[in-house]
Amino acid sequence: MVAVNALDPRQEQRLDELLSDAACGPLEPAQQAELDGLLEALGDDTPGAYGGPGGPERAAAALTLALLPARAEPLPAHLAAKISSAGLAALGPKAAGNGSALPPVRGPRRATWIAVVGWAAAAGLAFVLWTQREELTDLRLERDGRVAAEAGRDEALRRSENLAADLALLRDQAREAEALLRNELARLEAVHRSDLDRAAQDAAERLAARESELAAAFDVQLAELRASFAAREDELLVEIEALNELLGDVDPAALRERLLGEAPDLVRVDWSTTEDPLVATAVVRGDVVWSPSRQEGYMTFQGLPANRADEQQYQLWIFDGTRDAARPVDGGVFDVADPSRPVVVPIDAKLDIRDATAFAVTLERAGGVVVSDREHLLLLAAR
Amino acid sequence: MDPTARTDAAQRPADSRVAGLRSVSASPVRPDLLPRVAAGDETAVAECVTVYGSLVWSIARRMALTPADAEDAAQEIFIDLWKSAARFDPNVASEAAFVTMIARRRAIDRRRRAQARGTPEEVHESLPSKEEPFDERIATDDEAAVARAALQELRPEQREVLELAFGEGLTHIEISAKLSLPLGTVKTHARRGLLRVRELLARASSAARRGTT
């Protein structure tokens with residue numbers, strides 16, 4: 001914005017800031033010294049654009065005009081009069097100077113006047129001398145006095161000229177001293193500012209380093225947590241699988257399915273009801289499967305009447321072709337709670353079954369019996 | 001200053017800002033006074049005091065510390081104005097803007113000197129007195145219109161800082177205390193706002209130059 005040279009871009013920017021601040025109001029002494037220093041550095045290149053169209057002072061003026069109230073107190077009349085007459089007085093010599101070709105009526109003209117008067121006086125004096133010789137002595141004395149007075153005036157003039165010259169010299173020296181001080185102040189301020197800048201930069205770097213450290217540590221922790229979670233997840237999956245297997249182990253239906261899939265020598269026979277009145281009218285479906293090699297088997301029923309487990313229980317009997325047909329092997333007791341739902345019962349053979357030829361279900365007292373009286377032979381499954 | 005008591009011109013959008021400053025003026029352009037002052041025209045001095053007296057007085061009153069100081073400031077401003085009249089160039093700035101620049105510069109100088117002397121700050125006294133509207137050439141100044149347009153573009157907090165600085169003549173420190181904002185923030189708002197006005201003025205000025213060549 002401000003046309004400058006002899007300043008680096010940072011100084012230029014700072015100069016622009018200070019000029020902006022200065023356009024708003026009086027600067028603090030430190031800032032004023034800084035501004036003066038920068039302007040001093042510019043020398044004769046003082047930014048003329050300061051008050052130009054892009055200058056801050058011009059913008060400040062425009063804003064002041066923009067923000068004027070609609071009405072305001074007029075300039076007091078006495079002040080207006082004073083200002084006008086001061087203006088006319090300031091204009092006076094200029095107007096006269098414009099109108100007249102003569103130089104100002106001062107020193108030289110007064111000297112001419114004094115000379116004319118002097119010569120006239122001298123002529124008069126000569127005449128008087130000629131006519132009135134007796135007054136000669138008095139007149140000589142008077143002439144001596146005038147000469148002495150003129151000499152005194154010349155001396156005074158010389159002294160005052162000398163004093164003026166001394167004063168001008170002193171002023172120049174004072175100005176130089178002031179400029180030096182300002183430069184020094186600006187330099188000190190620049191040094192101070194660069195120290196501050198450096199400290200701020202150091203702090204920012206330390207902060208950034210600490211930040212990246214923390215970020216790295218956080219990443220490491222996060223990765224560790226992720227890994228441990230993943231490991232725990234695997235463990236849990238294994239446990240879940242084991243539990244599932246365990247569940248499968250205790251579910252007879254699943255075990256039966258596995259036996260069906262795996263056993264190479266499976267015996268499978270459907271149940272049929274007997275004439276016994278307990279099942280004569282019932283429709284009992286189901287079968288019995290048996291694997292001689294695994295000594296494992298299951299019964300399924302649907303429609304077998306529910307038993308009162310505290311009084312009576314169903315009991316399975318397995319007829320082994322290698323044993324006495326009158327003494328079938330005990331296959332365990334079981335209960336039926338809900339005839340409408342299929343029930344799978346694992347066979348719990350108390351002896352090895354070498355050649356299963358038939359399976360029979362009887363209703364016995366609770367807990368089962370060693371030898372059945374076959375009062376209620378309900379189901380048969382024969383190969 | 002009551003911010004609602006602006007002129008109608010204050011609310012008028014500055015459509016002229018891009019078209020140029022001096023070319024699109026709502027009011028008929030009246031001949032400038034300062035060139036006549038520079039030429040030694042004695043009647044122009046009185047006219048200048050009449051036209052710009054209340055502008056200078058308003059700036060002096062706002063920025064001076066005491067009423068007596070304001071009187072001295074007003075006189076000093078006009079003395080500077082008579083001296084600087086020959087430097088006025090209507091192609092660079094409007095006359096009102098030129099007068100305002102000189103007035104502000106003088107008033108700020110005085111205030112700085114007063115602060116350096118350690119003069120105790122006094123509250124601006126505002127005696128009830130007759131108020132009058134400003135001269136038309138001040139109320140319809142094109143550069144003021146550009147500044148108003150710039151103010152409309154600024155964020156409210158920036159605008160508030162500029163209104164206090166230039167409308168009420170408060171210093172950055174006074175604004176900082178009044179708005180409870182850090183001094184640095186006040187300075188930044190003021191600089192940004194000024195920069196925007198500077199950009200618009202520079203653009204309008206170059207548009208005006210293009211328009212005249």
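The values are calculated or read from the model by the stated rules, or taken from the named source; none is laboratory data. None of the values given here were measured: they were computed from a predicted structure. For neighbour counting, all protein chains shown are included, and Cβ atoms are generated from backbone atoms with ideal geometry for every residue, glycine included. Accessible surface areas use protein heavy atoms only, side chains included; no ligands, DNA or RNA. Shrake-Rupley method; radii C 1.70, N 1.55, O 1.52, S 1.80 Å.
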Solvent-accessible area per residue for the range B:49-166 at a 1.4 Å probe radius, Å²?
42
For peptide B:104-112, the mean count of other chain Cβ atoms within 10 Å per residue Cβ is 4
How many angstrom lie between the C-alpha centres of the range B:171-210 and the range A:202-239?
48
Packing rank of B:66-73, A:324-331, where each peptide gets the mean count of other beta carbons within 10 Å, highest leading
B:66-73, A:324-331
Relative counts (whole %) of C-alpha pair distances in the range A:265-382, using bins that are 5 Å wide:
2, 12, 24, 27, 21, 11, 4, 0
Distance between Cα centroids, the range B:138-159 to the range A:335-383: provide it in whole Å.
106
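If packing is taken as the average number of other Cβ atoms within 10 Å across a peptide's residues, how do A:186-199, A:256-269, A:282-295 rank, most packed first?
Numbers: A:186-199: 11.9, A:256-269: 14.1, A:282-295: 16.1.
Per-residue mean Cβ counts within 10 Å order the peptides as A:282-295, A:256-269, A:186-199.
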Can you give the average number of partner chain beta-carbon atoms within 10 Å of each beta-carbon in peptide B:131-142, as a whole number?
3
Buried accessible area between A and B, both sides, 1.4 Å probe, in Å² rounded to 100, is 5500
For the pair B:ARG87 and A:ALA86, how long in nm is the line joining their label points, each one 7 Å along Cα→Cβ?
1.8
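Which percent of the accessible area of the range A:265-382 is formed by carbon and sulfur heavy atoms (probe 1.4 angstrom)?
The nonpolar share, carbon plus sulfur, comes to 50 percent.
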Have a look at A:GLY297, A:VAL333, A:VAL370 and report the one farthest towards the positive end of the charge dipole of the range A:265-382, computed about the Cα centre with Cβ charges (Lys/Arg +1, Asp/Glu -1).
A:GLY297
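Fully extended, how many nm does the chain gain between A:ALA280 and A:LEU181 (0.36 nm per residue separation, minus their Cα-Cα distance)?
Difference between extended and current length: 22.7 nm.
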Can you give the average number of partner chain beta-carbon atoms within 10 Å of each beta-carbon in peptide B:77-87, as a whole number?
3
Applying the gyration tensor rule to the Cα atoms of the range A:220-269 (axes a ≥ b ≥ c; rounded if a/c under 1.5, else prolate if a/b exceeds b/c, else oblate), the class is prolate
Pop a pseudo-label 7 angstrom from the Cα along the beta-carbon direction at both A:SER228 and A:ARG71 and give the gap in nm to one decimal.
8.0
Order of B:187-197, B:136-146, B:96-106 by packing, highest average Cβ count within 10 Å first?
B:96-106, B:136-146, B:187-197
Which distance in nm do the two modelled labels at A:VAL370 and A:GLU161 give, with both placed 7 Å along the Cα-to-Cβ direction?
16.4
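Can you tell me the FRET efficiency between A:HIS78 and B:ASP80 if r is taken as the Cβ-Cβ distance and R0 is 22 Å, rounded to the nearest 0.05?
Calculated value: 0.60.
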Quick one: what are the phi-derived ³J(HN,Hα) couplings along the range A:177-186, Karplus 6.51/-1.76/1.60 with θ = phi - 60°, whole Hz, x for glycine and proline?
4, 5, 4, 4, 4, 4, 4, 4, 4, 4
Quick one: which residues, 5+ away or cross-chain, put their amide H under 5 Å from the amide H of B:LEU170? H built at 1.01 Å from N.
B:ALA165
Tabulate in residue order the Karplus-calculated ³J(HN,Hα) for the range A:251-268, using 6.51 cos²θ - 1.76 cosθ + 1.60 with θ = phi - 60°, rounded to whole Hz; enter x for Gly and Pro.
8, x, 4, 5, 5, 5, 4, 5, 4, 4, x, 9, 6, x, 10, 6, 9, 9
Length gained if A:ALA174 through A:ASP338 is fully extended, taking 0.36 nm per residue and subtracting the Cα-Cα distance, is 46.9 nm
